1. Can you tell me which of 286, 300 is out of contact with any Ser or Thr (no Cβ under 9 Å at 6 or more places or on another chain), at pLDDT 95 or above and basic (Lys, Arg)?
2. Only residues that are under 23 Å from residue 394 (Cβ atoms) and in a loop (DSSP other than H, G, I, E, B): list them for the range 123-153, please.
3. Assess whether residue 18 counts as being touching a helix residue (DSSP H, G or I) at 6+ places or on another chain (Cβ under 9 Å) and farther than 24 Å from residue 110 by Cβ.
4. Taking the range 318-330 as the search range and keeping residues that are among the acidic types (Asp, Glu) and surrounded by fewer than 19 Cβ atoms within 10 Å (Cβ to Cβ), which one is modelled with the lowest pLDDT?
5. Considering only residues that are within 23 Å of residue 29 (Cβ to Cβ) and among the aromatic types (Phe, Trp, Tyr), which ones fall in the range 91-141?
6. Looking only at the range 261-287, count every residue that is out of contact with any Cys (no Cβ under 9 Å at 6 or more places or on another chain) and either of a type in the set (Ser, Thr, Tyr) or closer than 30 Å to residue 343 by Cα (or both) and tell me the total.
7. Taking the condition outside any loop (DSSP other than H, G, I, E, B), loosely packed, with under 13 Cβ neighbours inside 10 Å and at pLDDT 95 or above, does residue 243 pass?
8. Check residue 420 against each of (1) at pLDDT below 95; (2) in contact with a Gly (Cβ under 6 Å, 6 or more places away or on another chain) and name the one condition it does not meet.
Amino acid sequence: MLREKLHQLDFCVVGGGLAGLCAAVAAARHGAKTALIQDRPVLGGNASSEIRMWVCGARGENMLETGLIEEIQLENLYRNKYPCYSIWDSVLYEKAKFQENLELILNCSVNEAEMDGSRIKSVRGWQLTTQTFHVVEADLFADCSGDSILAPLTGAEVRWGRESNKEFGEDIQPDEADSNTMGNTCLIQLRELDHPVPFIPPSWAYKYENAAAMPPHRRGSFKGNNFWYLEVGGTQDTIHDGEELRDELVKIAFGVWDFYKNHSEYDAGNWTLDWMSFLPGKRENRRFVGDYIMNQNDVRADGRFDDLVAYGGWPMDDHHPDGFYSGENKPTIFHPAPSPFGISYRCLYSNNIENLFMAGRNISVTHAALSATRVMATTATLGHAVGVAAAVAAKHGLMPRGAGEKKIDEIQHGLMEDDAYLPWKKRPIPELTQKAKVSASAGDPEELRTGVDRPIGEAGNVWSVPLSGAWAQYEWDKPQCITQARFVFDSNLARAVQGHAKNMPCQYPLDLPINEVPGTMLKRFRIEAKDDSGQWQVAAHVEGNYQRLVYVDLDVQTTAVRFVPEETWGGDTARVQAWDVR
């Protein structure tokens, strides 16, 4: 007899890509009892070891996404020295598996939903590895599955394909609406050896025996290439034709490497095919319809929504529906987009299923806007936003729409407290920090409490001083009870511009650099409190830190606290974006 296991929780996330992972972890951390259901053995979706697309996001100076996705990236830089996908998988796994309030259900494919009117009562999934049905009852749900599996199971309204340019006034859309999407891709990875190695393609691989046989737009060198253009399916159904498309992609992929290895002018003698995905990465299919459909014009106007809860900054990267077979046409067009542009909360919940959130590439956007919002660092911030919103909704007994109408400030403040950047917003500064007299050994300590915890244009929003003898101090007229300190350290958000922001490599050359924690980060510091005799006593000492957002629990009653940076990961300057006490 097959087993069935019941889970009763506040919030259920279906889909364990970066969006789903961040949604589940954020909700759990903010107090909601949460389940994360993933149909694969690993987390990360397109970023996982099964697909291996690197994590892209907002472009421009100091525009790296912070919050949970930066926490994950820094963990990977610290632990995954010679970038290994198994270690990357483990970083994602541990964020969910060992998070309080969170149940992780892997290898489980959701295929049923029970409705109560326009609300989801429960979902049911089959876990292949244990031959067990898992039923999750929850007040709130989120579809972060990419393919929007809960839409056909619940009747949620969706869109598919490209809108006509007349519907929203989007000049990059076609004259007439169609069902074309961006296609699927099976990536390949190469490794350089110190000796020649042959490659014998399978007999069923496609043959590209000279440059003329390759698409015109893909005849350049293979070095530094992640082969994203091995793409098909945009004129088909990227869900229901998925197996057929995979078969086509592996023929193309083996054939393309055979071309470079055996028939091209490029020296590939010491390079070998190290890995190829048999699980296609997907870019587009169903998109939920929310209370607002964000479009190309919103992106270009900066997305300055009152209810913004995340931001993007990738251009409108619109792949040709014919993908690899696009002939003389470019396989993608990078239509300009500002960085950052805000994303509205109203795009993150269903307009007709009352208790359904969504995060990832399936949010409420047009095809044109999707081409900018679909990249994974952006979808991770969308997941983070949904997780915080779900926890706020659960706390107040609200549905997603009601949480947006009544508690958007609480959602936004929760995100900024998590170091999730919201453009044009300021994080509220705790009263104890606001009313303190601030001083420092050097530099301007007021930079520690600006409420903007990153560089913005010419404003560094950073207390930057030489390490030797450095200190900053908060002081009050009478003793205060201090229970916690919150820090945001400088993790070098310009490292994307400097070419070091990819979470994992697309190839493994012999001279592949190892991962390093950014040298700007603070590694060791202490917090001191003034005792009744006026002497400084150590209240906390932190060593081996490699995270940007750091909380330190305290238990002191004092008239003054002092922060003393001691060591960084490489620089001789202490750089601190924020320091609060509460």
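The values are calculated or read from the model by the stated rules, or taken from the named source; none is laboratory data. Worth saying up front: this structure is predicted, and the values here are computed from it rather than measured. Every residue, glycine among them, receives a Cβ derived from its backbone with ideal geometry; neighbour counts consider all protein chains shown.
1. Unique residue meeting the criteria: 300.
2. Those that are under 23 Å from residue 394 (Cβ atoms) and in a loop (DSSP other than H, G, I, E, B): 144, 145, 148, 149.
3. When the stated conditions are applied, residue 18 does not pass them.
4. 328
5. The answer is 93, 98, 141.
6. The qualifying residues number 9.
7. yes
8. Among (1) at pLDDT below 95; (2) in contact with a Gly (Cβ under 6 Å, 6 or more places away or on another chain), residue 420 violates only (1).
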